[in-house]
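Some notes on the structure that comes next.
No lab work stands behind these numbers, since they all come straight from the coordinates. A quick note: this is a predicted structure, and the numbers were derived from the prediction, not measured. All Cβ positions, even for glycine, are placed from backbone atoms using ideal geometry, and neighbour counts span all protein chains on display.
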Amino acid sequence: MSKTILITGGAGFIGSRLVRYLLSETPHKVINLDKLTYAGNLLSLKPIEHEPQYLFIKGDICDRQLLDQILAEQQPDLIMHLAAESHVDRSIDGPADFIQTNIIGSYTLLEACRSYIAQLTEDKKASFRFHHISTDEVYGDLGQEGLFTESSPYKPSSPYSASKAASDHLVRAWGRTFQLPIVLSNCSNNYGPYQYPEKLIPQTILNAIEGKPIPIYGNGMQVRDWLYVEDHVRALYQIAMHGKLGETYNIGGECEKNNLALVMDICEQLNHLVIYKPDKIDDFKQLITFVDDRPGHDQRYAIDSSKIKEQLGWQPTESFESGLTLTIEWYLSHLSWCRERL
């Protein structure tokens with residue numbers, strides 16, 4: 001059955017992939033609400049911008065009047081909330097935007113949804129749900145062993161992760177106190193095409209081919225679990241459609257890599273893929289440069305995805321090796337897109 005789905009942050013990296021997935025693989029109508037900050041990019045949505053089932057609205061989730069208008073006019077059956085400031089380094093340099101968007105914005109959206117639901121028919125109310133998309137960074141530093149589960153305690157380290165933890169708590173509170181039909185997900189580090197160039201993988205690719213230093217924080221031994229973005233959006237759809245209300249689902253790629261090993265892998269692939277290297281560069285690994293570690297840097301994240309596998313039948317399909325190759329090849333063939341974003 002076709003639904004009307006409101007995506008917040010649908011011009012961002014994960015959001016745009018979700019929008020493209022929904023319009024190419026499902027029968028649903030998609031409304032994309034995005035403020036188009038530096039990380040939002042309508043070029044990521046060019047393949048579907050003229051689809052009859054798609055509507056883009058430029059706007060801010062902190063704008064209650066706009067939210068009320070969209071909900072009243074579009075009557076969504078599902079909200080998938082991805083709009084967020086998401087870069088840790090930026091949150092350290094300037095936390096205010098993260099507090100405003102991730103906390104105040106989420107609160108404003110929740111309150112708009114609460115008013116909207118109160119006006120629905122019983123049938124429409126019974127089918128509505130609110131899916132909040134979050135991050136594994138809310139759990140903080142994992143330590144050398146173990147995996148994050150849905151019951152792991154929250155220990156955020158950065159202003160970014162603290163703001164996402166706060167939004168998670170708000171969603172759960174609105175679910176319990178106001179019976180908002182909510183479901184949550186927390187994912188590991190995403191990678192893939194259309195990611196903003198400030199992130200580690202695209203930054204490494206672009207710096208390398210331009211002969212610039214490739215910065216590595218500290219000793220580079222910080223471990224992350226890497227999840228290909230297309231696998232993530234398939235998981236999001238399963239959770240949104242079939243997840244149990246009130247539940248949280250962790251989504252991981254089952255690939256732990258420390259940052260140094262990741263960058264070395266990228267350089268090795270580039271050595272084979274790039275014919276004409278910058279002057280005096282025989283091996284892109286020569287560009288690796290160790291810099292001071294960032295404040296509060298978590299040392300390891302890793303996710304236990306057994307719940308979503310067992311309950312919803314989701315599995316990651318892209319191996320890290322194949323996903324990384326697809327990602328590198330995409331950036332090498334879309335350099336104009338990257339340069340427009342910098």
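Identify the trypsin sites (Lys or Arg not before Pro) of segment 262-336 meeting these criteria: DSSP loop state and at most 15 other C-beta atoms within 10 Å of the C-beta. Before the final figure, lay out each step's value.
Values: sites: Lys280, Lys285, Arg300, Lys307, Lys309; in loops: Lys280.
Those that pass, being in a loop and sparsely packed, are Lys280.
Using a simple spin-label model with pseudo-atoms 7 Å out from Cα toward Cβ, Lys155 and Asn219 lie 2.0 nm apart. With each label modelled as a point 7 angstrom along the Cα→C-beta vector, the Glu310-Asp279 pair spans 6.1 nm. Normalised by residue count, the chain yields a Cα convex hull volume of 128 Å³ per residue.
The HN-Hα couplings worked out from phi for segment 326-336 by the Karplus form 6.51 cos²θ - 1.76 cosθ + 1.60 (θ = phi - 60°) are 4, 5, 4, 4, 5, 5, 5, 9, 10, 5, 5 Hz, whole numbers, x standing for Gly and Pro. The residue among Pro76, Tyr276, Ile182 whose Cα reaches farthest toward the positive pole of the charge dipole of the chain, with charges on the beta-carbon of Lys, Arg, Asp and Glu, is Pro76.
If you place +1 on the Cβ of every Lys and Arg and -1 on the Cβ of every Asp and Glu, how big does the dipole about the Cα centre of segment 246-342 come out, in debye to the nearest 20?
Working: 10 positive and 17 negative charges, 50 e Å.
Roughly 240 debye for segment 246-342.
Of the chymotrypsin sites (Phe, Trp or Tyr not before Pro) found in segment 256-342, those that fall in a DSSP loop while having at most 16 other beta-carbon atoms within 10 Å are Tyr276. Plainly put, segment 29-154 has a radius of gyration that is 1.01 times its Kirkwood radius, both from alpha-carbon atoms, as the Rg/Rh ratio.
Against the main long axis of the alpha-carbon atoms of the chain, helix 106-118 sits at an angle near 30°.
Karplus-derived 3J(HN,Hα) values for segment 186-197, using 6.51 cos²θ - 1.76 cosθ + 1.60 with θ = phi - 60°, are 10, 10, 7, 4, 8, 8, x, x, 6, 6, 4, x Hz; glycine and proline are entered as x. Per residue, the average separation of C-alpha pairs within less than 8 Å and at least 6 apart gives the chain a relative contact order of 17 percent.
May I ask for the net charge around Arg64, where only other residues with Cβ less than 14 Å from the Cβ of Arg64 are counted and Lys, Arg are +1 while Asp, Glu are -1? Don't skip to the answer; put the middle values down first.
Numbers: positive: Arg114; negative: Asp60, Asp63, Asp68, Glu111.
My count for the surroundings of Arg64 gives -3.
Close amide H contacts of Asn186 (hydrogens built in the peptide plane, cut-off under 5 Å, sequence separation of 5 or more or a different chain): Ser134, Tyr249, Asn250, Ile251.
Only Lys, Arg, Asp and Glu carry charge here, each on its Cβ (+1 for the first two, -1 for the last two); on that basis the chain has a dipole of about 680 debye about its Cα centre. Taking amide H positions as modeled 1.01 Å from N, with prolines and chain starts lacking one, the residues under 5 Å from Phe148 and 5 or more places away or on another chain are Ala302, Ile303, Asp304. Applying the Karplus relation 6.51 cos²θ - 1.76 cosθ + 1.60 with θ = phi - 60° to segment 45-59 yields 3J(HN,Hα) values of 10, 4, x, 10, 5, 9, 5, x, 8, 10, 9, 9, 10, 7, x Hz, where x marks Gly and Pro. In this structure the amide hydrogen of Tyr217, modeled in the peptide plane, comes within under 5 Å of the amide hydrogens of Val291, none closer than 5 places in sequence on its chain.
Compute the FRET efficiency between Ala118 and His242 as 1/(1 + (r/R0)^6), taking r as their Cβ-Cβ distance and R0 = 25 Å, and round to the nearest 0.05.
Working: r = 26 Å, r/R0 = 1.02.
Given R0 = 25 Å and the Cβ-Cβ separation, E is 0.45.
Grab segment 209-336 and count how many Lys pairs have their alpha-carbon atoms under 18 Å apart, sequence gap of 8 or more, or different chains. The result is 7. Ordered by the count of other Cβ atoms within 10 Å of each Cβ, fewest first, Arg224, Arg234, Arg294, Arg172 give Arg294, Arg172, Arg234, Arg224. May I ask which residue of Val291, Ser319, Val233 lies farthest towards the positive end of the charge dipole of the chain, with charges of +1 (Lys, Arg) and -1 (Asp, Glu) on Cβ and the Cα centre as origin? Toward the positive end, the furthest listed residue is Val233. In this simple spin-label approximation, Gln75 and Asp141 carry label points 7 Å from Cα along the Cα→Cβ vector, and these lie 5.3 nm apart. Classified by the C-alpha gyration tensor, segment 170-291 has a prolate form. Its axis ratio a/c, with a ≥ b ≥ c, is 1.5 or above, and a/b is larger than b/c.
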